[in-house]
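Notes to accompany the following structure.
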RNA sequence: GCACCCUUAGCUCAGUUGGUUAGAGCGUACGAUUCACAUUCGUAAGGUCGCAAGUUCAACUCUUGCAGGGUGCACCA
């Protein structure tokens, strides 16, 4: 008997050794897999942000994907799990800016090149830690194919897509209203803003012969019209006319227009229109061909158009304008008003809508194709109800602003004319003169929204369009990722995939929820309730952590992860260890072939039924049920009942019963290790390596029991 | 406002297509234990499956309404 089993199972002693053994074997690479009997099975790993440490969320996704991959590998598939890391443009720049702030520095004192270089160093250092963290979690991914979102070939693919979209008229540069963050000095997509309920005042101001209600009197210097509902009898006489409104800095000429968007019952039924600083007003402005007058600058300060208010920040300007309006007798009434405002999802500052020229992607047609793919079952989303959410979002999508005014990202391969601001796509970086006016072209200083590039991840990583991997592994099988990036990422991948390759990028989307703490609170550094997978792994073993993350947690739902549960699975690991020990101890020298007695045939039949049941769960992505069933069987059937009832047989005098039972137990043990391997890879492989009778060298590539 | 999800034992959650006495982990109580495992074993307490109605031979499961909690999207300035 192997002396290894005389001590309790020690995960830390074995895990790194076992991972080393797997990695050395080369079997993470599908090209090296022995006994491939099925087609390819591919998962592209959602690349973790290369800007910080591994956290419980990473542990969850690694566990789930590794389970799928190990299972399919054992079923004989040519299994590829392609890892990567994400430069995560805006996210990372925000993290780095915070770091700079702590050091008393500012991004705005650095040139874009300097900032880019600093963040690249920072990211390269973190990338290593992230990769090692995933190794520790047991990720059986093919490191030889690892990609980074800023790899030159990835950038080339992204550029080619941009060019093609531009040629197809799907990408355009437009002066459109954008979400501007005054802290981060960049525009953001609609997804990168949150709405927040605020208590403000609603001011009723005299505007010439009319009265308008507004929360933003300070934008009055950018007003170009007053809009009323076309059916509103009160204002019918004014429609189409110009009115003169008195302001603290002189008279303002405003057109009165009729638009359905105006609610008769809200305020006075008359709405002041500021196309340059309000998304709705901008839309109304487009419909009525109104000019737009910018009065707020990039820092959130009023500009020279606001006369004496120039240089004041929005809040200060509002106070001053209200005071002056009151003095002039133009402020008629003030009401308390609760409404929602858009804020930056990173810093929480109120978004200042601004009209700036940006690159946009036309979404309507792309979105329709994506919806069709889901409705036609080309793509299945788990949990299923997310398909409705997915389609609902795509049905109501607006054009996507992909320009970011940040340094950390893929530069947009375009040039702008100094003279006329005409924009041209220039992938090869060769154009020097404006094709329109002949003026000098300069590089577009902006970078892509990070999701514009990561949205192309599945085919970009596989070397589209000519790569061998692309031919062999695309479309991929499963996209396993967090439910909260369904729109940010999954929807974009589907659209890009269909657009560029004509195929869905993956057939199944498996979404997981958030990992919360034992009290069901969100984990955060400030609360101090963050679970560090590395610390947990050291204390209880990676396998215990994996079991705790997967067992009993249905797809798409948030989970409460408590240390007690992890501890429970550490006990489970030891239980399996001791089961092995018991069986080995008593099986020594008992290798002779024997006939099974009926009682043992029955035990095996029961076990095979369980195996079939578990296999069905695995096929249907019900990992939380599969692991629970194995757990129950191992502990409460095999250990508590079968082993206990075996003792009289094993220690008794009836030789045929004794040998039959020992053989049965050995058969069950081997298959059990296989069933458990996707969930607890380290423990099961450690045991496998110590067993005398295993035919297959490595459990990693052993055959899943039929 | 619209959409989606959740509500099951003290706590955290499972429960696949409706089908016997509704399950697990942790916790609690009592007991056992030289012979794989104190990281053990046994026994027990604990649930009118949010509320109400409906469909059905049969509902935790399906339908409708209501209440509470959560999430997403869009907004009336």
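Using a Förster radius of 60 Å, what is the FRET efficiency between residue A:655 and residue A:153 based on their Cβ-Cβ separation? Nearest 0.05, please.
0.35
Relative to the present Cα-Cα distance, how much length would full extension add between residue A:345 and residue A:619 at 0.36 nm per residue of separation?
Roughly 94.9 nm would be gained on extension.
Which value in nm describes the separation of the simple spin-label points at residue A:337 and residue A:557, placed 7 Å from the Cα toward the beta carbon?
4.3 nm
Taking the 0 to 90 degree range and rounding to the nearest ten, how far is the long axis of helix A:623-632 tilted relative to the main principal axis of chain A, both from C-alpha atoms?
Once rounded, one gets 30 degrees.
Mind ranking A:541-550, A:163-172 by how tightly packed they are, going by the mean number of other C-beta atoms within 10 angstrom, highest first?
For the peptides A:541-550, A:163-172, the packing ranking is A:541-550, A:163-172.
Would you please give the FRET efficiency between residue A:299 and residue A:328, computed as 1/(1 + (r/R0)^6) with r the Cβ-Cβ distance and R0 = 35 Å, to the nearest 0.05?
My answer for the efficiency is 0.80.
Which order, highest average first, do A:20-28, A:127-135, A:476-484 follow once you tally other Cβ atoms within 10 Å for each residue and take the mean per peptide?
Highest to lowest by the protection proxy: A:476-484, A:127-135, A:20-28.
Only helical DSSP H runs with n ≥ 4 go in: add -39500 (n - 2.57) per run for chain A, normalise by residue count and round the 222 nm mean residue ellipticity to 500 deg cm²/dmol.
Using -39500 (n - 2.57) per qualifying helix, the result is -12500 deg cm²/dmol.
Quick one: helix A:563-587 against the long Cα principal axis of chain A, what's the angle to the nearest 10°, folded into 0 to 90?
The helix A:563-587 is inclined about 20 degrees to chain A.
From Cα pairs below 8 angstrom and at least 6 apart in sequence, can you work out the relative contact order of segment A:352-473, rounded to a whole percent?
In percent, rounded to a whole number, it is 21.
Specify the inter-centroid distance of segment A:9-67 and segment A:162-190, based on alpha-carbon positions, in whole Å.
About 37 Å separates the Cα centre of segment A:9-67 from the one of segment A:162-190.
Against the 2.2 N^0.38 Å scaling, with N counting residues, where does segment A:563-665 land? I'd like the Cα-based Rg ratio to two decimal places.
My calculation over the Cα atoms of segment A:563-665 gives 1.21.
Could you put A:587, A:144, A:627 in order, starting from the residue whose Cβ has the fewest other Cβ atoms within 10 Å?
Sorted ascending by nearby Cβ count, the order is A:144, A:587, A:627.
Rounded to the nearest 10 degrees, what's the angle between the helix A:386-395 long axis and the longest principal axis of chain A, both from Cα atoms, 0 to 90?
Taking Cα atoms only, the helix is inclined about 20 degrees.
Can you tell me the convex hull volume per residue for segment A:101-234, based on C-alpha atoms, in Å³ to the nearest whole number?
Measuring per residue, one finds 297 Å³ for the Cα hull of segment A:101-234.
Alpha carbon centre of segment A:354-395 versus segment A:262-339: separation in Å?
35 Å
Highest mean first, what order results for A:432-442, A:47-57, A:640-650 on Cβ atoms within 10 Å?
Descending packing order for the listed peptides: A:47-57, A:640-650, A:432-442.
Over chain A, calculate the relative contact order: mean separation of alpha carbon pairs under 8 Å at least 6 apart, over the residue count, as a percent.
16 percent
Where both residues lie in chain A, what percent of DSSP beta bridges are antiparallel, nearest 5?
Antiparallel bridges make up about 70 percent of those DSSP assigns within chain A.
For segment A:464-579, what is the relative contact order in percent, using Cα pairs closer than 8 Å and at least 6 residues apart in sequence?
So the answer I get is 24 percent.
May I ask you to compute the full-extension gain from residue A:385 to residue A:201, defined as 0.36 nm times their residue separation minus their alpha-carbon distance, rounded to one decimal in nm?
Roughly 62.2 nm would be gained on extension.
Could you please tell me the mean projected area of the C-alpha convex hull for segment A:637-706, averaged over all directions and given in square nanometres to one decimal?
For segment A:637-706, the mean projected area of the Cα convex hull comes to 5.4 nm².
How do A:243, A:687 rank when sorted from fewest to most other Cβ atoms within 10 Å of their own Cβ?
Listing A:243, A:687 from fewest to most nearby Cβ atoms yields A:243, A:687.
Where the centre of each part is set by its Cα atoms, how far does segment A:573-643 sit from segment A:416-438, in angstrom?
A separation of 70 Å, based on Cα centres.
Averaging over every viewing direction, what projected area does the convex hull of the Cα atoms of chain A cover, in nm²?
Mean shadow area of the hull around the Cα atoms is 36.4 nm².
Based on the Cβ-Cβ distance from residue A:253 to residue A:392, what FRET efficiency comes out when R0 is 35 Å, to the nearest 0.05?
Once rounded, the FRET efficiency stands at 0.25.
Place a label point 7 angstrom from the Cα of residue A:289 along the Cα-to-Cβ direction, then list the residues of segment A:214-240 whose backbone nitrogen is under 20 Å away.
Counting only backbone N, you get A:224-228, A:230, A:239-240.
Cut-off is 10 Å between beta-carbons; in what order do A:299, A:345 appear when sorted fewest neighbours first?
If I rank by nearby Cβ atoms, fewest first, I get A:299, A:345.
Using a ≥ b ≥ c from the Cα gyration tensor of segment A:530-607 (square roots of the eigenvalues), is it rounded, prolate or oblate, where a/c under 1.5 gives rounded and otherwise the larger of a/b and b/c decides, a/b for prolate?
Oblate, because a/c is 1.5 or more while a/b does not exceed b/c.
What ratio of Cα Rg to 2.2 N^0.38 Å holds for segment A:265-319?
Compactness ratio reported: 1.27.
Only the coordinates and a few stated rules stand behind these numbers; no lab work does. These numbers were taken from a predicted model, which means no experiment stands behind them. Glycine also receives a Cβ, built like all others from the backbone with ideal geometry; neighbour counts cover every protein chain displayed.
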